[in-house]
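The values are calculated or read from the model by the stated rules, or taken from the named source; none is laboratory data. Quick caveat, the model's predicted, so the values are computed rather than measured. When we count neighbours, we look across all protein chains shown, and the Cβ atoms used for this are built from the backbone with ideal geometry, even at glycine. Note: areas computed on protein heavy atoms with side chains; ligands, DNA, RNA excluded. Shrake-Rupley method; radii C 1.70, N 1.55, O 1.52, S 1.80 Å.
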Amino acid sequence: MEDNVITVRGLVKRYQDLIAVDGVDLDVRSGEIFSILGPNGAGKTTTVEILECIRKATEGEVTILGHDLRTGGKEIRRQIGVLPQEFNAFDLLTVRENIAFFAGMYDRQADVDELISLVDLEHKRDTYFKNLSGGLKQRVGIAIAMVNDPRIVFLDEPTTGLDPGARREVWEVIRGLRAKGRTIILTTHYMEEAEVLSDRLAIMNQGKFIALGSPSEVVAQHGGGRTCVIRGGGEAAMRSLHDMGPERDGDDVSVRIVHKEDLVSIVTALNRDGVEYEEVMLKRPTLEDVFLKLTGKSIEGGEISG
Ligand SMILES: Nc1ncnc2c1ncn2[C@@H]1O[C@H](COP(=O)(O)OP(=O)(O)O)[C@@H](O)[C@H]1O
Ligand SMILES: [Mg+2]
């Protein structure tokens with residue numbers, strides 16, 4: 001399970017003066033869901049489209065399933081599946097006809113009806129593509145990405161623009177691919193998606209991977225540890241805890257927890273000084289906190305903005 005199916009070293013892509021991918025190193029393990037999480041313009045699509053043999057790298061070494069990207073493109077393409085960003089199929093073909101059409105382009109073909117059941121679209125088999133909701137269209141796209149029975153599947157923002165319910169249904173389909181032993185490379189700008197779906201993830205910003213690991217590793221490495229928040233503690237709590245380096249945010253005061261005894265010390269000090277507060281709570285950093293800290297970008301409704 002731990003064999004690398006993709007190895008990337010020093011990947012760079014320049015578009016004239018713009019460095020879209022700026023020295024990316026990456027190993028993707030067999031059978032994992034690996035996500036690249038980043039805002040618009042981070043370089044996610046450029047990165048995956050180089051791995052998909054669609055764009056050419058400016059610099060760097062890439063090996064996919066044992067083949068060098070520069071010489072093995074044909075063999076690599078046979079063994080990968082791709083759901084492009086802003087995917088579209090034929091409006092006036094049915095679900096089944098669309099999947100069968102794309103399957104017909106490959107020597108090695110998965111069974112069309114099995115693909116339809118893989119993405120849970122039996123009930124829409126004979127519906128025109130144009131009459132499907134966004135979530136169902138994406139599921140057709142995933143089936144099309146699987147028509148050549150690929151070992152590695154690239155999904156570029158498969159849930160962008162979907163409502164939360166449809167997004168969760170796509171997550172189930174993606175988990176189903178992993179259960180069938182496929183390796184999945186996913187790009188997303190949704191925090192929760194990366195957190196709940198990925199075995200490992202990279203946070204990408206301005207062409208660079210700025211964090212990499214399992215979601216919990218990334219949070220542990222970059223989250224800055226736990227903090228104790230004294231809600232409504234205000235100036236009195238700031239004074240009471242001044243030895244512990246408190247920080248103020250409105251009426252709330254927070255203190256970094258270094259040792260687990262710190263929590264007792266905090267409550268003891270607050271009681272000793274008769275500080276009034278609403279509640280004391282322990283906060284663990286989330287992937288969102290890490291993202292904010294590393295990129296300075298804001299997040300609205302779990303989605304990275306700007
Ligand atoms: N074909 C291209 N020519 C010139 N610039 C491009 C091209 N494709 C992408 N870019 C630029 O490269 C940067 C990264 O884009 P992209 O890889 O699409 O990022 P993401 O998928 O993370 O939104 C952006 O600044 C984008 O405008
Ligand atoms: Mg993109």
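Some points to look at:
- Matching entry among Glu49, Glu75 (being in contact with a strand residue (DSSP E or B) (Cβ under 9 Å, 6 or more places away or on another chain), under 19 Å from Met146 (Cα atoms) and more than 16 Å from ligand 1 (Cβ to nearest atom)): Glu75
- So Ile184, is it in contact (Cβ under 8 Å) with a residue 40 or more places away in the chain and within 16 Å of ligand 1 (Cβ to nearest atom): no
- Close pairs (7 angstrom Cβ cut-off, 6 or more residues apart or separate chains): farther than 20 Å from Asp113 by Cα in segment 83-95, within 16 Å of ligand 2 (Cβ to nearest atom) and assigned to a loop (DSSP other than H, G, I, E, B) anywhere: Gln85/Glu157
- Annotation note: of Asp17, Asp25, Asp3, the sole residue that is open to solvent by 50 Å² or more (accessible area, probe 1.4 Å), of a type outside the set (A, V, I, L, M), under 27 Å from Ser216 (Cβ atoms) and without any contact (Cβ under 8 Å) to a residue 40 or more places away in the chain is Asp3.
- Restricting segment 19-36 to residues that are hydrophobic (A, V, I, L, M, F, W, C) and within 21 Å of Ala145 (Cα to Cα), the residue that is nearest to ligand 2 (Cβ to nearest atom): Ile36
- Flag for Thr188 being within 16 Å of ligand 2 (Cβ to nearest atom), open to solvent by less than 80 Å² (accessible area, probe 1.4 Å), within 34 Å of the chain's Cα centre (by Cα) and not aromatic (Phe, Trp, Tyr): yes
- Answer residue from segment 28-46, given it is surrounded by fewer than 17 Cβ atoms within 10 Å (Cβ to Cβ) and small (Gly, Ala, Ser) and is farthest from ligand 1 (Cβ to nearest atom) among those: Ser30
- Segment 249-290, subset within 28 Å of Glu192 (Cα to Cα) and without any contact (Cβ under 8 Å) to a residue 12 or more places away in the chain, residue most open to solvent (accessible area, probe 1.4 Å): Asp249
- Single residue of segment 57-75 satisfying the filter (touching a helix residue (DSSP H, G or I) at 6+ places or on another chain (Cβ under 9 Å) and touching a residue at least 12 places away in the same chain (Cβ under 8 Å)) that is surrounded by the fewest Cβ atoms within 10 Å (Cβ to Cβ): Gly60
- Any hit, segment 55-65, residues being within 15 Å of ligand 2 (Cβ to nearest atom) and touching a Gly at 6+ places or on another chain (Cβ under 7 Å): no
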